[in-house]
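Worksheet for the structure shown next.
What follows draws every value from the coordinates through simple rules; no lab data is involved. Remember, it's a predicted structure, so these values are computed and weren't measured experimentally. Backbone-built Cβ (ideal geometry, glycine too); neighbour counts: all protein chains shown.
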Amino acid sequence: MTDFTDDTVAVHDETEKIVAVNINKIYKVRQKDSEKLTEFQALKNINLTVKKEEFLVIVGPSGCGKSTFLDMVAGLAHPTSGEIYMDEKLITGPALDRGIVLQGYALFPWRSIRKNVEFGLEIKKIPRKERTEISQRFIDLVNLHGFEDRYPHELSGGMKQRVAIARALAYDPEVLLMDEPFAAVDAQTRESLQEELLRIWEKTKKTIIFITHSIDEAIFLADRVVVMSADPGEIKETINIELPRPRDGIRASAEFGRLRQKIWQLLQNGHADTEELRQSDNLNDRAV
Ligand code: ADP
Ligand code: MG
């Protein structure tokens, strides 16, 4: 965290990219069969620092506030109290320095793949010729060469998600915010998207905050995994993932199994939703 010396000169730690300080989020919710509003604490005392070029994964049961937190980093939602900084600057709204990839693809159905990828570049008023060069580079990067003139409905779920990633990368954000981006694709496609994302991350050196429901996905991708608990949404523990990279074949290692077991236990404590997590990761079928 930043220190302020007596003469209020900030001592900035150059390795910090995103710093969340004492975040609380309280929603006013209507009770069933009542007009009365009650307060619901969705996030409680979240303190989190994401380092430059770090791949940080947040895992936790549904409803623990993962999306709420990511929306705040995106500038689309605001904390009830607390602040989030990016490079020392308070985040007050959305901007092109943060790219977002969501679960539901959110592509423009009336735009071709190329035009989808160029969307942010148009907003940035990048001239057409340069736009075409940039979009081609990112379409190639996500292995969609040859599909430039197709439309979203002509692509599979995995391909659509790759377009969404290319679109977010094309306008060169410093931070990539990903909210369960691979949740809607089949298991095999999901693993290949994870591998592809790691390859892209190593090439582009973005800072990534990635949310998932899957313990397996979290360990495979992350430098650090933040484990959250629900009601209220709190950080339970942060775990360094010191597995070597590249991570091909790492799922079979003993250390991977140990980490999986550890995170599973953390999530299990007091939450019924864990069964969902267990099933989503096929833990029963794997040697833990
Ligand atoms: P997650 O992404 O971890 O599943 P969310 O961040 O979507 O969780 O939601 C956290 C909690 O806040 C949930 O209990 C959800 O019902 C509640 N919540 C989210 N958005 C709102 C809202 N706009 N109004 C009231 N409650 C909300
Ligand atoms: Mg969510």
Can you spot the lysines whose alpha carbon is less than 20 Å from Lys36's alpha carbon? Ignore those fewer than 8 places along the same chain. Lys25, Lys28
Under 15 Å, Cβ to Cβ, from Pro109 - net charge with Lys/Arg +1 and Asp/Glu -1: +4
Ser253 versus Asn47, label points 7 Å from Cα toward the beta carbon: distance in nm? 3.1 nm
For the chain, what proportion of DSSP beta bridges, expressed in % and rounded to the nearest 5, is antiparallel? 60 percent
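Give the percent of DSSP beta bridges with both residues in region 1-139 that are antiparallel, rounded to the nearest 5. Mind showing how you got there, number by number?
On the way: 20 of 20 bridges.
In region 1-139, DSSP labels about 100 percent of beta bridges as antiparallel.
Report the net charge of residues surrounding Leu37, where surrounding means a beta-carbon distance below 13 angstrom and charges are Lys +1, Arg +1, Asp -1, Glu -1.
Working: positive: Lys28, Arg30, Lys32, Lys36; negative: Glu35, Glu39.
Summing Lys and Arg as +1 and Asp and Glu as -1 gives +2.
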Value at 222 nm in deg cm²/dmol, rounded to 500, when DSSP H runs of n ≥ 4 in the chain each add -39,500 (n - 2.57): -9500 deg cm²/dmol
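If each residue of separation counts as 0.36 nm, what is the full-extension length gain between His12 and Glu154 once their alpha-carbon separation is subtracted? Could the numbers behind the result be given before it?
On the way: separation 142, 0.36 × 142 = 51.12 nm, distance 4.78 nm.
Between His12 and Glu154, full extension yields 46.3 nm more.
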Could you put Lys25, Lys51, Lys125 in order, starting from the residue whose Cβ has the fewest other Cβ atoms within 10 Å? Lys125, Lys51, Lys25
Cα-based equivalent ellipsoid, the chain: semi-axes from gyration tensor eigenvalues, Å: 30, 25, 21
Potential lengthening between Ala95 and Lys262 on full extension [0.36 nm per residue; Cα-Cα distance subtracted]: 56.5 nm
To the nearest 0.05, how large is the calculated FRET efficiency for Thr38 and Arg137 if R₀ is 41 Å and r is the Cβ-Cβ distance? 0.20
Taking 0.36 nm per residue of separation and subtracting the Cα-Cα distance, what length does fully extending Lys125 through Glu242 add? 38.0 nm
At a Cα cut-off below 18 Å, give the lysines reachable from Lys205, other chains included and same-chain residues fewer than 8 away excluded. Lys17, Lys51, Lys52
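Just flag the trypsin sites (Lys or Arg not before Pro) in region 142-210 sitting in loop per DSSP whose Cβ has no more than 14 other Cβ atoms within 10 Å.
Details: sites: Arg150, Lys160, Arg162, Arg167, Arg190, Arg199, Lys203, Lys205, Lys206; in loops: Arg150, Lys205, Lys206.
Sparse-neighbourhood loop trypsin sites (Lys or Arg not before Pro): Lys205.
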